[in-house]
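Trainee: First the structure, then my questions, so here it is.
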Amino acid sequence: MLDQTQIANRAGLTEDEVRQIVRHELERSQKRDPAARKLAIIASKGTLDWAYPPLNLACAAAASGMEASIFFTFYGLNIIRKDFEKKLKITPVGNPGMPMPMPMPDIISGLPGMTSLATLMMRSRLRKHNVSTIRELLDLSRELGVKLIACDFTFEVFGYREEDFIEGVEFGGAAAFLSQARRAHVTLFI
Amino acid sequence: MLDQTQIANRAGLTEDEVRQIVRHELERSQKRDPAARKLAIIASKGTLDWAYPPLNLACAAAASGMEASIFFTFYGLNIIRKDFEKKLKITPVGNPGMPMPMPMPDIISGLPGMTSLATLMMRSRLRKHNVSTIRELLDLSRELGVKLIACDFTFEVFGYREEDFIEGVEFGGAAAFLSQARRAHVTLFI
Amino acid sequence: MLDQTQIANRAGLTEDEVRQIVRHELERSQKRDPAARKLAIIASKGTLDWAYPPLNLACAAAASGMEASIFFTFYGLNIIRKDFEKKLKITPVGNPGMPMPMPMPDIISGLPGMTSLATLMMRSRLRKHNVSTIRELLDLSRELGVKLIACDFTFEVFGYREEDFIEGVEFGGAAAFLSQARRAHVTLFI
């Protein structure tokens, strides 16, 4: 049998006190919200310009302590092919928003050699501004533990093989992406 | 008046015990996080290749028990038009990332007939790899209860009418998308 | 020393009662989920058609009481340049999904003047349907308190200067976007 003091010590919490504890714990838990620490990106474009946003964002997230994963699918598989430097080109065709030294109708920018020219120009502009190369960003991603997943379904349709991809790449389907994304606040299709 | 034993039985919880209960309940609640079970996609592109990701992802999500909705807007409205098979084409123009049997400057791939040719080639490649057709994915979406919403604002601007769309489509605006998306972890603009 | 009644009054909560309080508070907190009230968009495209979705969605969200921010990067920087009306064009090239008065191979739609023609046609169609102009949407965004952030990294690479941008624009990098997005359910890359 407990004596009075023991009861008074143990007993103490009123409903109001309990609610206060709950609200305090909820606030703490929202600050630690695990979804706020996860980012899941789909990289679907296979050009030099659109290779940057998924790698940049994933590296920035991982560098700030977030868990980042990129799911490469469709043309985005180019980014993690061993020969990505040959594959990643840029074209002003169909993109009147691209800042070019001079305005150019698509009939001109569609001429043979224009894609190579635009790619060279973009590369030199990036170099001039000390922008990391895609190779540097891929290396950084793997150093920072960014998960790189190649869509196993698309790469078969596109006729690629596992050995076409850089080291450190995992293989998975839509379910692999969803299992990351459904626990992440930041989910982007690029 | 309660006797000692009754009080001891009822009273029992200390602040520590309450905090433990709270943390346990919080963990359980995070595992059941309703946002982890919702996916909301905007489908804005109207080509054969870009019709796949929204339907594939929504079906994969719905098949794994998630609640999925797709909001079709802009060129994405093509995907749910009754004549989608005629509308959904593919072009290598402006997409140097597309794997083609041989490299082709945009001036060539822009020639009359090249869009039809690329569309035929893509269709035959998809068939060879037993990829579901868009028709099959649309049927599957509706079977799995994926919500298909046509942007009522865009379809008027584009000169479409309600009867142009396949059965089972709902109509709504940005608010309809947001009401789904603001409760979903996975939100994608495709 | 407390008397019996005081103990009975204070003591009262059993574990079941505490769990009930916790679940009730959790439910309330999920309804107020702060992530459900935040939207963070990346606007990366610099054409007239793709300028609409980020501004439309952010305004719709802000109008319904959500906190909205748009991070403009790459070609999307065009949208918030002072000369956006000259910059934002539209091209049917590379987009066979665009509804045109008559089908057109890319070799034709790539001819000089076709981008201007398509832009004029789109503008007139939008006007006919009383669609807000980009200028009106930018004004509305700022009235509604939508945060407009220009990617400070890209705008240097593209050779833009701070004074090229409309008033009310802030400058920041990927970290600025992530700090918004990691607390938001709705995150979109447009």
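Bear in mind these aren't lab numbers, they're just calculated from the coordinates by the rules spelled out. Computed from a predicted model, the values in this text were never measured in an experiment. Cβ coordinates were reconstructed from backbone atoms using ideal geometry, including for glycine residues, and neighbour counts include every protein chain displayed.
Trainee: Antiparallel DSSP bridges in the range A:36-189: what percent, to the nearest 5?
Mentor: Antiparallel bridges: around 5 percent, rounded to the nearest 5.
Trainee: Same structure again: Over all directions, how big on average is the projection of the convex hull of the alpha-carbon atoms in the range A:36-189, in square nanometres?
Mentor: Over all viewing directions, the range A:36-189 projects a mean Cα-hull area of 9.7 nm².
Trainee: Under a point spin-label approximation (7 Å from Cα along Cα-to-Cβ), what is the B:Q30-A:R23 distance to one decimal in nm?
Mentor: 2.2
Trainee: Starting with the highest mean, order A:163-175, A:68-80 by the number of other Cβ atoms within 10 Å, averaged over the residues of each peptide.
Mentor: Sorting A:163-175, A:68-80 by mean packing, highest first, produces A:68-80, A:163-175.
Trainee: Right, another one. Using the basic label-point model (7 angstrom from Cα toward the beta carbon), what is the A:K128 to A:E170 distance in nanometres?
Mentor: The modelled label-to-label distance comes out at 4.1 nm.
Trainee: Moving to a separate point now. Using 7 Å Cα-to-Cβ label points, what is the B:E163/C:K86 separation (nm, one decimal)?
Mentor: About 4.8 nm separates the two model spin labels.
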